[in-house]
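Structure first, then comments.
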Amino acid sequence: MGDSTSQAGLSNGQVFIQKSDGCVQFYVQAGAYNISSLGTAFIPTGKQVDNLYSPVPVAFLKLVPSKSTSIQVGALPTLMGAEYTFSFENMNIERGLLWNQENAINRGIQVNQSVGKFAASLS
């Protein structure tokens, strides 16, 4: 059967909607994407969107009770690793060993706290 002789894809066609002020904030990332990695087979954009993170890979509500504390609830980007998920964020198409092992999108709650020069996040 073999590989198709012609294929097309949309590398990253995403829209970001964000409210970043006030006590109640939000972030939504929606669209189509390809997550490429050197040496892996091409997967059409539609299949990646359907089988990976959906047309809305990241979306969360952020509550900010004080200047130094915030609570995020929803589909959040990972706190682990230095390799970003989407190729427009990470120009290293070779990717690292960690990229293939880390979770990229987490669903849940994240608490962020800062005190002076120090900041911590728990997800």
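Miscellaneous remarks
- Enumeration of residues in the range 20-45 that are more than 21 Å from N103 (Cα to Cα) and not hydrophobic (A, V, I, L, M, F, W, C): S20, D21, G22, Q25, P44
- Failed item in (1) loosely packed, with under 15 Cβ neighbours inside 10 Å; (2) more than 16 Å from the chain's Cα centre (by Cα); (3) over 21 Å from N112 (Cα atoms), with V15 passing the rest: (2)
- When the range 4-56 is limited to residues that are in a loop (DSSP other than H, G, I, E, B) and of a type in the set (V, I, T), the one that is farthest from T69 (Cα to Cα) turns out to be T5.
- The range 21-56, subset closer than 17 Å to G74 by Cβ and surrounded by 18 or more Cβ atoms within 10 Å (Cβ to Cβ), residue modelled with the lowest pLDDT: Y53
The values are calculated or read from the model by the stated rules, or taken from the named source; none is laboratory data. It should be emphasised that the depicted structure is a prediction, and the values quoted were computed from it without experimental measurement. Neighbour counts run over all protein chains shown; Cβ positions are idealised from the backbone, glycine included.
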